[in-house]
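Okay, so here's the structure we're looking at.
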Amino acid sequence: MSAPVRRAVRLGLIGALTLAVTLLGPAHVPSADAAAPTAAPPAKSVVTWAASADRLGDASGDRSYRLVLRTSVGGKGLRVRVSNAFGDRPLVIGSAYAGLRDSGALLRRGSNKRLTFGAEPSVTLAPGEIRYSDPVPGKVAAMSDLAVSLYVRDAGGPASGHGMAMQTSYATSGEHAAEESGGAYTERLGSWFYLDAVTVDADRGAGGVVTLGDSITDGWQSSSDKNLRWPDYLARRLHASPDSTVKGVANAGISGNKVLADGAAQSALKRLDRDVLSLPGARTVVLFEGVNDLKSHSGVTGAALIAGYREIIDRSHAAGLCVVSATVLPFKGWSEWDPQGEAVRTEVNEWIRTSGEADAVADFDKVLRSPYDAQRILPTFDGGDHLHPNDKGMQAMADSVALTSLECGRG
């Protein structure tokens, strides 16, 4: 859904654990429209974090980025996936490191490990290319605050990355990726640059879930720097569950995203292969998109949106993933609400609930709607704009997902 996009976010919270990094050899996507890396990590790899890439404006070289993220599943051999998916010229990463974040841009002493690519300390990504790093021995724990530091030696044209991180990262001029001190990182960022996934070699039998969505999934109106997006709450539930084998959670939400049309990023249909189906260990996708299509006054019909859902379900099934389809939330009170859009929302939600084409349903509409006006979000869950849930709403959504529905396996 469209949200105030790409804002810088403030200060970072903390976590710490034991780490070592590992990523697997050259893999790439030849263009932004292409499917997935041509060489994937081993079968035991499971995605522990992801943030779908888009264009982020003009790139510049001789800059270091310290990108802060939260792991979901723990394991050995942590790998990072770097992306020039939307670049129109080569991207040169001169050095790359991964360590445990202490506070702000400061890393835990002794944790910052060099990443290599094909045994080389630097890598050049062609336009459209995506690569995994080589493995570095060791372990990283679940729910760790990880900092991936990239020194971008040479870049130009469109930068690739994730605009609305809801997490503070850091940048500076010059080469500072190897430093554990955060002193050089004087610039705060609200976006993740050139990094779109992290994987680990998890316990045998572990898998992951990918949440495909828009700004609600991206976390808009949740508290910044606290990992309170609904996929974060879901990750904590999965981590705490002794019965769940799904432990990895990848957030494939992009603010403003639509199912059918490009606009704020490529459509869900166009980015599905790269942002969902290519992620290692993914077992299930939660499909939670559509409000941006139906509220945009573009004349999108229920039949057209349902056809889009069907294509995502069919392609996910063909790739061996199960699909949990989530109902579209109410949004009366948002400036773009109208009876026509509401009628389409009602139609597609009825189809989601009754068609049986997905493997399971997450009825977010039922969980968050007001009992006094079913076209509105209940005020206690409303982030203030009548479209995006607040922290309580995010938790209610995550709590309503049946963990057993994520265990479905087709592969």
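The values are calculated or read from the model by the stated rules, or taken from the named source; none is laboratory data. Fair warning: this is a prediction, and the values are worked out from it, not measured in the lab. Using ideal geometry, Cβ is built from the backbone for each residue, glycine included, and neighbour counts are taken over all protein chains shown. Protein only, heavy atoms only, side chains kept; ligands, DNA and RNA dropped before computing areas. Shrake-Rupley method; radii C 1.70, N 1.55, O 1.52, S 1.80 Å.
Looking only at the stretch 135-160, residues that are assigned to a strand (DSSP E or B), within 14 Å of Gly99 (Cα to Cα) and open to solvent by 10 Å² or more (accessible area, probe 1.4 Å) come to 1 in all.
Taken over the stretch 369-399, residues that are assigned to a helix (DSSP H, G or I) and either without any contact (Cβ under 8 Å) to a residue 24 or more places away in the chain or open to solvent by 50 Å² or more (accessible area, probe 1.4 Å) (or both) amount to 6. The set of residues in the stretch 235-268 that are open to solvent by 30 Å² or more (accessible area, probe 1.4 Å) and either touching a Cys at 6+ places or on another chain (Cβ under 8 Å) or hydrophobic (A, V, I, L, M, F, W, C) (or both) comprises Ala240, Leu260, Ala261, Ala264.
Within the stretch 217-234, the set of residues being more than 11 Å from Asp391 (Cβ to Cβ), in contact with a Leu (Cβ under 7 Å, 6 or more places away or on another chain) and open to solvent by 20 Å² or more (accessible area, probe 1.4 Å) is empty. I'm checking my understanding of the structure. Among residues of the stretch 174-216 that are in a strand (DSSP E or B) and charged (D, E, K, R), which one is least open to solvent (accessible area, probe 1.4 Å)? Step by step, filter the stretch 174-216, then rank; the result is Asp196. With respect to the stated conditions, Ala235 fails to be over 20 Å from Ile312 (Cα atoms), free of Cβ contacts under 8 Å to residues at least 60 places away in the same chain and among the aliphatic types (A, V, I, L, M). In the stretch 289-307, the residue that is nearest to Leu403 (Cα to Cα) out of those that are in contact with a helix residue (DSSP H, G or I) (Cβ under 6 Å, 6 or more places away or on another chain) and at pLDDT 95 or above is Glu289.
Condition check ((1) surrounded by fewer than 18 Cβ atoms within 10 Å (Cβ to Cβ); (2) touching a Pro at 6+ places or on another chain (Cβ under 8 Å); (3) not basic (Lys, Arg)) across all residues:
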site	(1), (2), (3)
Val82	no, no, yes
Asp88	yes, yes, yes
Arg101	no, no, no
Ala126	yes, yes, yes
Tyr132	no, yes, yes
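Scanning the stretch 346-360 for residues that are surrounded by 16 or more Cβ atoms within 10 Å (Cβ to Cβ) and over 20 Å from Asn292 (Cα atoms) turns up Ala358, Asp359, Ala360. Among the residues of the stretch 305-345, those identified as of a type in the set (Gly, Ala, Ser) and surrounded by 17 or more Cβ atoms within 10 Å (Cβ to Cβ) are Gly308, Ser316, Ala319, Ser325, Ala326, Gly341.
The numbered conditions (1) more than 21 Å from the chain's Cα centre (by Cα); (2) at pLDDT below 95; (3) in a strand (DSSP E or B) are all true for Ser95 except (2). Quick one: in the stretch 42-72, of everything that is of a type in the set (A, V, I, L, M, F, W, C), outside any strand (DSSP E or B) and open to solvent by 10 Å² or more (accessible area, probe 1.4 Å), which residue is modelled with the lowest pLDDT? Filtering the stretch 42-72 for residues that are of a type in the set (A, V, I, L, M, F, W, C), outside any strand (DSSP E or B) and open to solvent by 10 Å² or more (accessible area, probe 1.4 Å), the one modelled with the lowest pLDDT comes out as Ala43.
Please verify whether Arg109 is assigned to a strand (DSSP E or B) and within 26 Å of Gly75 (Cβ to Cβ), treating the condition exactly as stated. Spelling it out, it is not the case that Arg109 is assigned to a strand (DSSP E or B) and within 26 Å of Gly75 (Cβ to Cβ).
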